[in-house]
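Structure first, commentary second.
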Amino acid sequence: MRVRRRTFLATCVASLAAPAVLRLARADAPPVVLKLHHFMSSVSSAHDKFIVPWARKVEADSQGRIRIDIFPSMQLGGTPARLFDQVQNGDAEIVFAAPALTPGRFAKIEMFDLPFVVSRRALVGSKALQDFATINLKDEFRDVHPICFSCSDRGVLHASRPIRTVEDVRGAKLHVQTRFAAEAMRVLGGQPVPMPPGQLPPAITQHVVDGCLDPWHMVPGLRLNDLLKSHTEFSELSPSSTSFVLAMNSAAYGRLPRDLKVVIDSNSGQGAASLAGAMWDLEAASVADSVVQGGDSIITLLPEAVAHWRKATEPVVEQWLKEMKAQKIDGAKLLAGARALLAKYAGEPEPQPALTVRPAPSQQQATVQSQPAVSPPSPAPAAAPPASVAKPLAPPPLQPSPPHLAPPAPSAPAPASVAKPAPPVAAIAPTTPAPHVAAPSAPVPAPLPAPAPAPTTVAPAAKSAIAPTLAPATAPAPPSVAAAPPPPPAPAPKPVPKTLDIPL
């Protein structure tokens with residue numbers, strides 16, 4: 001019986017100690033290191049405002065048990081078109097890639113690259129694409145573990161001359177990113193010129209191309225706004241788009257412990273897609289505003305005008321439907337489903353940039369020292385409040401000292417209660433100026449604790465403390481001759497964006 005009791009007690013102690021042992025073992029275990037490879041530069045918005053924050057969020061949620069090393073600009077070798085092969089083979093555990101770089105390999109998702117199918121807002125397109133992928137793209141991406149899908153910001157026609165109608169495109173040589181954008185320019189009468197983005201600036205300078213059909217996020221890195229001064233936007237729909245996939249190696253995901261899989265899953269799907277879509281929209285709005293501030297013109301085509309462009313590019317959509325039919329895929333059903341999802345998320349609010357909250361500067365508390373008065377008695381001095389008056393719960397705002405409290409000579413040390421006259425801009429500073437203290441009729445041994453200023457102290461002299469020119473210290477000026485401060489300069493009005501709404 002004693003042996004059984006001892007065995008039972010030992011078993012209980014071991015079961016209670018097991019979780020602590022497991023926690024210690026996990027703390028001592030090295031983190032799981034995942035390599036994330038992509039083709040964007042390290043200064044791009046996709047890297048700095050989506051990929052890096054996503055990776056750091058995963059590391060924080062795993063409490064340091066996952067470490068993600070990021071390699072931008074194809075630092076692990078290869079080409080952007082080979083990123084899907086790298087994640088499938090395990091050369092990189094995670095990649096951020098564009099299916100459009102491998103035409104025909106992912107035929108269904110390329111539907112989101114068709115002209116005038118996707119919303120001009122990346123957040124709407126990304127959320128719709130994420131739902132679309134969950135329903136329709138499992139077979140296309142069965143060789144990898146998809147984390148999220150997203151769409152880039154809208155395509156914009158950047159040119160050296162204004163483009164307002166379909167006829168303005170005819171004969172123009174325009175850079176494009178995807179095969180469907182090239183087909184769209186071809187049916188519109190233009191000459192598509194595909195090339196790597198890095199070659200675009202010299203091509204514009206050497207007149208190899210007349211402009212480009214590219215999203216806003218490419219403008220700052222390539223300094224396109226210095227070369228092309230006219231930009232044509234399209235209402236509601238985008239003439240071109242590029243879809244992206246953040247994907248993980250299936251074996252690497254399968255090797256993770258169950259709790260770390262939960263960390264990856266909680267940072268996948270709509271949450272990650274919304275983060276990417278909002279990033280694209282915020283970048284587009286920021287770049288568009290900056291080019292307007294630089295003097296460029298933005299032409300915005302209204303929906304009536306966009307309808308002409310959409311009808312002219314319908315042959316591109318019909319060609320994609322034929323390709324789907326050849327693969328025994330109901331392309332019309334997929335297109336209708338995608339448009340229904342886009343309509344579902346059309347009411348998503350515009351993402352707002354994060355506001356930088358600056359801490360308010362500490363307010364300086366002025367003190368009044370016991371000393372004889374240094375200025376002549378006031379013409380109508382206010383009587384000191386009786387000692388029985390209770391301290392108000394919310395005293396009125398303190399007023400700056402008028403110039404008649406200045407010391408008689410510049411060489412004499414100023415008392416702590418007299419503040420140095422501030423320049424005119426100090427009128428809007430958040431710091432609290434020194435309180436206005438009425439000159440007493442006789443010296444007092446000590447000041448009352450936070451006395452409420454008498455009604456006579458609230459006078460126009462309070463404004464004279466911030467006047468740029470004061471009377472000399474040797475001849476203190478009475479409050480009646482103090483000059484009122486000049487009004488603060490009005491802020492310069494923000495330039496009106498040079499935007500034209502073209503109905504047809």
Q) How about residue 229: which aspartates and glutamates have a C-alpha closer than 15 Å to its C-alpha, ignoring those fewer than 8 places off in the same chain? A) 210, 214, 289, 296
Q. Can you list residues whose amide H is under 5 Å from residue 155's amide H, if they're 5+ apart or on another chain and H is modeled 1.01 Å from N?
A. 240
Q: With a cut-off of at most 12 other beta carbons within 10 Å, and DSSP calling the residue loop, which trypsin sites (Lys or Arg not before Pro) in the range 206-282 qualify? Please list them.
A: 223
Q. Taking the mean number of other Cβ atoms within 10 Å as a proxy for protection, how do you rank 117-129, 141-153 from highest to lowest?
A. 117-129, 141-153
Q: Could you list which residues have their amide H under 5 Å from that of residue 300, counting only those 5 or more apart in sequence or on another chain, with H placed in the peptide plane?
A: 233, 500, 501, 502
Q) Given H placed 1.01 Å from N in the peptide plane, which residues other than close sequence neighbours of residue 174 have an amide H under 5 Å from its amide H? A) 191, 193, 210
Q | Using θ = phi - 60° and Karplus 6.51 cos²θ - 1.76 cosθ + 1.60, couplings along the range 131-144 (whole Hz; Gly, Pro as x) | A | 5, 4, 5, 4, 8, 10, 10, 5, 6, 5, 10, 6, 7, 10
(Q) I'd like the distance between the alpha-carbon centres of the range 33-78 and the range 101-171, rounded to an integer number of Å. (A) 23 Å
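On a full-extension model of 0.36 nm per residue, what is the gain between residue 52 and residue 226, subtracting their alpha-carbon distance, rounded to one decimal in nm?
Extra length available between residue 52 and residue 226 comes to 59.7 nm.
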Q | Percentage relative contact order, the range 87-174, counting C-alpha pairs under 8 Å, at least six apart | A | 26 percent
Q: Pick out, in residue order, every one of the GluC sites (Glu not before Pro) in the range 78-152 that is DSSP loop and has at most 12 other C-beta atoms within 10 Å; say none if there are none.
A: none
Q.
Checking the table 108/344; 108/173; 138/173; 35/344 against a 27 Å threshold on Cα-Cα, which pairs fail?
A. 108/173; 138/173; 35/344
Q) Dipole of the range 131-273 (Lys/Arg Cβ +1, Asp/Glu Cβ -1, origin at the Cα centre): which of 187, 159, 244 lies farthest to the positive side? A) 159
Q) the range 305-321 to the range 191-211: how many Å between their Cα centroids? A) 25 Å
Q.
What are the ³J(HN,Hα) couplings of the range 65-74, residue after residue, when phi is run through the Karplus curve with 6.51, -1.76, 1.60 and θ = phi - 60°? Round to Hz, x for glycine and proline.
A. 7, 10, 10, 10, 9, 9, 10, x, 6, 6
Q: Output ³J(HN,Hα) for the range 155-167: one whole-Hz value per residue in order, computed from phi by the Karplus curve 6.51 cos²θ - 1.76 cosθ + 1.60 with θ = phi - 60°, and x for Gly and Pro.
A: x, 10, 8, 9, 8, 7, 9, x, 10, 10, 10, 4, 4
**Q.** Which of 293, 278, 266, positive extreme of dipole for the range 266-317 (C-beta unit charges)
**A.** 266
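Values quoted throughout were computed directly from the atomic coordinates according to the rules given, and no laboratory measurement underlies them. Remember, it's a predicted structure, so these values are computed and weren't measured experimentally. Cβ: placed from backbone, ideal geometry, glycine included. Neighbour counts: every protein chain shown.
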